[in-house]
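Please treat every number below as a calculation from the coordinates, not as lab data. If you're wondering where the values come from, they're calculated on a predicted model, not measured in any experiment. Backbone-built Cβ (ideal geometry, glycine too); neighbour counts: all protein chains shown.
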Amino acid sequence: MAKVIGEIVVDIERCKGCEVCLDACPTQTIAMVDEVNGKGYHYMQNIHNACTGCTNCAIVCPDGVITVYRVKV
Amino acid sequence: MEETITKSDIIKPENLVYKKTDLMTDNVLSYCPGCGHGTTHRIIMETIEEMGVQKDTIGIAPVGCSVLAYEFMNIDMQQAAHGRAPALATAIKRLLPYKTVFTYQGDGDLAAIGTAETIHAANRGENITIIFINNGIYGMTGGQMAPTTLEGMKSSTTPYGRDWEMMGHPLKITELLAQLPGTYFVSRQAVHTPANVRKTKKAIRNAFELQKLNRGMTFVEVVSNCNSGWKMTPVQANQWMVENMFPFYPLGDIKVDGELVKK
């Protein structure tokens, strides 16, 4: 069965840490990290490698910081 | 087999599925974290990109939080005086009828100081699109009561909640405009979940396409949050919006093809 693996790239310096994307993620693969960016916001990252590339997080992100890639294996 | 795929194998241009549109400039948005303005800006720009009308679109920026919308939208933009965006859009559309003209206004701009301009532009049936962001508060100036503030809702000028006997009832300007014969498409949407974002994008696309038919004004209200004005976190504000704003401002199409949708 074809499996889909996704990956996100976050523009860390533009992320404002609003956490709206966390609720939108169906696989709970993203989380806020403990580190902060240049403006002092905790930013989001893909931490569990369960991303399916569904683009939900990118679509609700108010600042458009997320770029999504997806590959079939 | 699956273990051999690394991050660098996935992150390649041919695997790209979603990226911020180039019609949004690289300026960092001036909005608070979690504000619906950013999402709405982006879906408007995505719609324009998909329709391929970047060169033929003129946007009107309002006064309010989105006063700097022209810094973020990489299209022709004009800044209007407070509340006068529909009047300016009328002028631009009449002078350049082949352009797609839209205004982007908040509730303090459209439903308070610009009520006259909005209602008369709608009543004249101007062939423009209005994107109306309703967060029930004056966000830019510090969360004062707006005409759209809900009954009992606390704001910095109504610390005990809005009392209708003293401050009047909340104004449903979208329903009001739908009653006028000059409007052709009126819809109310939200941008707090992926599904709602997709629906809003569809409504905006519909509004832009119907504008070319020259049948009247197309109007899309986006119910949004104002987490700093409501004194909540963005996630709490979205939750509060679902529980309190949506019962009074129900989502969905209100007027389609010039006919009111019966509920």
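Couple of notes before you dig in:
- A simple rule links phi to the HN-Hα coupling: the Karplus curve 6.51 cos²θ - 1.76 cosθ + 1.60 with θ = phi - 60°, which for the stretch B:158-170 gives 10, x, 9, x, 6, 10, 5, 5, 9, 10, x, 8, x Hz, with x for Gly and Pro.
- With a threshold of 27 Å on the Cα-Cα distance, the over-threshold entries among B:Lys55/B:Lys202; A:Lys72/B:Lys55; B:Lys99/B:Lys201; A:Lys72/B:Lys19 are A:Lys72/B:Lys55.
- Over chain A: helical MRE at 222 nm, DSSP H runs n ≥ 4 each giving -39500 (n - 2.57), nearest 500: -2500 deg cm²/dmol
- Residues whose amide H falls under 5 Å from that of B:Ile60, counting only those 5 or more places apart or on a different chain, are B:Gln78, B:Phe102, B:Thr103, B:Tyr104, with hydrogens built in the peptide plane.
- Under 20 Å from the Cα of B:Lys262 - lysines, other chains or at least 8 residues apart: B:Lys172, B:Lys199
- The mean number of partner chain beta-carbon atoms within 10 angstrom of a residue's beta-carbon across peptide B:194-202 is 3.
- Look at the stretch B:5-15: the mean tally of other chain Cβ atoms within 10 Å of its residues' Cβ atoms is 5.
- Taking chymotrypsin sites (Phe, Trp or Tyr not before Pro) across chain A, none is in a DSSP loop with at most 12 further Cβ atoms lying within 10 angstrom of its Cβ.
- Sequence-distant residues sharing a close amide H with B:Leu251 (under 5 Å, placed H): none
- Gain in span if fully extended, B:Asp76 to B:Met166, counting 0.36 nm per residue against the direct Cα distance: 28.1 nm
- Once the Kirkwood radius over Cα pairs is known for the stretch B:162-263, the Stokes-Einstein relation at 10 °C and 1.306 mPa s delivers a diffusion coefficient of 107 µm²/s.
- Length-normalised contact order for the stretch B:31-260 - Cα pairs under 8 Å, 6+ apart - percent: 21 percent
- Between B:His120 and B:Lys212, residue separation times 0.36 nm minus the direct Cα-Cα distance comes to 31.1 nm.
- Residues whose placed amide H lies under 5 Å from that of B:Thr158, excluding near-sequence neighbours: B:Met145
- Cα-based values for chain B, radius of gyration first and Dmax second, are 18.8, 70 Å.
- Loop chymotrypsin sites (Phe, Trp or Tyr not before Pro), the stretch B:92-151, which have at most 15 other Cβ atoms in a 10 Å radius of their Cβ (DSSP): B:Tyr98
- The alpha-carbon atoms of chain A define a convex hull whose volume equals 75 cubic angstrom per residue.
- Only Cα pairs under 8 Å and 6+ residues apart enter the sum, and on that basis the relative contact order of chain A stands at 47 percent.
- Residue by residue, the stretch B:115-120 carries 3J(HN,Hα) couplings of 4, 4, 4, 5, 5, 6 Hz when phi is fed to the Karplus relation 6.51 cos²θ - 1.76 cosθ + 1.60 (θ = phi - 60°); x denotes Gly or Pro.
- Whole-Hz ³J(HN,Hα) from phi, Karplus 6.51 cos²θ - 1.76 cosθ + 1.60, for the stretch B:134-148, glycine and proline x: 10, 10, x, 6, 8, x, 5, 8, x, x, 7, 5, 10, x, 8
- Qualifying chymotrypsin sites (Phe, Trp or Tyr not before Pro) in the stretch B:151-185, where qualification requires a DSSP coil assignment and no more than 16 other C-beta atoms within 10 Å, comprise B:Tyr160.
- Per residue, the Cα convex hull of the protein assembly as shown amounts to 146 Å³.
- Taken residue by residue and averaged, Cβ atoms of other chains lying within 10 Å of the Cβ of A:48-61 number 4.
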